[in-house]
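Worksheet: the structure to be examined is printed underneath.
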Amino acid sequence: MVELMVSMTIGLLIVGAVLYVYLGSRGAYRTSKSTSRIQEAGRFGTDAILRDVRQVGYIGCGSRISLQTYAPPQINEIANPPPLPVTSPPPLTMSSLGLVVLGYSATSYQPGAAVSWPPPPGLTIPRTAGDVLVLPIATSAPLAMVRDPDPAIPAIFLANNCGKITTDSLLMVSSCTMATALRVSNAPDTSPAACPANGAVVAGGVEIDHRAQDVNGNTVNGNPPNNSTALTLPLQPALTMTAMPSVQAFDEVSYYVGQFPGNVRPPALYRYSAVVGAAEEIIDHVENLCAVYGVAGGGNILFQTADQVSLNNAWPNVVSMRVSLMVAGDELGAVDAPQTLPFCGVNVTAPDTRLRQVFTATGALRDRLQ
């Protein structure tokens, strides 16, 4: 009997030790899995935003120094700005060169906090938390012009279209000192003939019309106060071949944290495209977004919130951005108690025991640094 009791005691000790090791290993596995998932989402989300940030601010070969040489900024908008289809002017227009980036600060970083961002038409995935970031970006490589614009049509002529430019595309024709934003009103050639396999220049180029109405009769160009359809600016010559202009397609994208209606999916980072007219999910389990803006002045760069930049009228001096994402794991019980994390200058307490981490990255606006 004594031997049996000793054996049972030893067996219980072994079972307890094995159970302890198992529970510890299981907890470590859950934490490791959550950490890996969080790190993947955090890196992917910040990389996606910064990729678009680095496309902001393009105006030919001009830099912030050359742009500030001219007053007012030499952008002539002869196109209805996004969103598509054109319904009303958005908060960001290409004619306001200082507003090449625009942000909206949340009232707090708790879920459901309000923001002044006006949701674009047709937005089906509502915003749920954090700041909103709006960026006009280049969506194509610079395209070459083959001859001077024709003001009678009016039209510009590209060497090869390659299917990149279609009806209602938003274009910027720019040189080192000036630019014109316009919307395509014809149906440009997108056939293989417009993009030879050997890269040869198409004879005569591809005609891109920018008259007042598109092929469907919708108003696209010639809107007051910039109702001229010629590629000219006050006191400036036309954008001819001597100015070595380039042409690029543009879009206006908005980044925000939203959640699928009905909460059937976890919160995620979304990107709304004005050209597509819809939001796409970038990465899920993103619960908050913070954006601050690097404002140049006096030889220094001071990071400010969107509200501070607007109050100081400092959008023309924004040269960089810093974005932060709060990402949650998918394993409940990964931590013993809800975390309290510093986020954008405040402490945010998590609603549950999922593991959370904050990721921060900084990027410079294209052509905005000296």
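Computed from the coordinates by the stated procedures, all read-outs in this text should not be read as laboratory data. Since this is a predicted model, take the numbers as computed values, not measurements. Note that we place each Cβ from the backbone using ideal geometry, even for glycine, and neighbour counts take in every protein chain shown.
Other residues lying with their Cβ under 13 Å from the Cβ of Ser116 contribute a combined charge of -1, Lys and Arg counting +1, Asp and Glu -1.
Length available on full extension from Asn312 to Thr190: 0.36 nm per residue minus the Cα-Cα distance, which gives 39.4 nm. Label positions at Ala337 and Thr242, each projected 7 Å from the Cα along the C-beta direction, are separated by 7.5 nm.
A full extension of the chain between Val264 and Thr35 corresponds to an added length of 80.1 nm, given 0.36 nm per residue minus the alpha carbon distance. Remark: region 348-360, residue by residue, has Karplus-estimated 3J(HN,Hα) of 10, 9, 6, x, 8, 9, 6, 6, 10, 8, 9, 10, 10 Hz, where x stands for each Gly or Pro and the curve is 6.51 cos²θ - 1.76 cosθ + 1.60 at θ = phi - 60°.
Quick check: net charge around Arg211, other residues with Cβ under 12 Å of its Cβ, Lys/Arg +1 and Asp/Glu -1? Walk me through the numbers on the way to the answer.
On the way: positive: Arg183; negative: Asp150, Glu207, Asp209, Asp214.
Counting the neighbours of Arg211, the net charge comes to -3.
The H on the amide N of Val220, modeled in the peptide plane, is under 5 Å from the matching H of Gln213, Asp214, each at least 5 residues off or on a different chain.
For Ala106, the shell of other residues with beta-carbons less than 14 Å away shows a net charge of -2, using +1 for Lys and Arg and -1 for Asp and Glu. Under the simplified labelling scheme, the Val201-Leu4 pair shows an inter-label distance of 10.1 nm, with each label point 7 Å from Cα along Cα→Cβ. Full extension of the segment from Arg51 to Thr124, taken as 0.36 nm per residue of separation minus the current Cα-Cα distance, would add 23.8 nm.
Residues whose amide H falls under 5 Å from that of Ser108, counting only those 5 or more places apart or on a different chain, are Ala114, with hydrogens built in the peptide plane.
Taking R0 as 51 Å, what FRET efficiency do you get between Thr349 and Asn216 from their Cβ-Cβ distance, rounded to the nearest 0.05?
So the FRET efficiency works out to roughly 0.45.
Across region 181-197, rounded Karplus estimates of 3J(HN,Hα) from the backbone phi angles (6.51 cos²θ - 1.76 cosθ + 1.60, θ = phi - 60°) give 9, 9, 10, 5, 10, 9, 10, x, 5, 10, 6, x, 5, 7, 8, x, 4 Hz, Gly and Pro being marked x.
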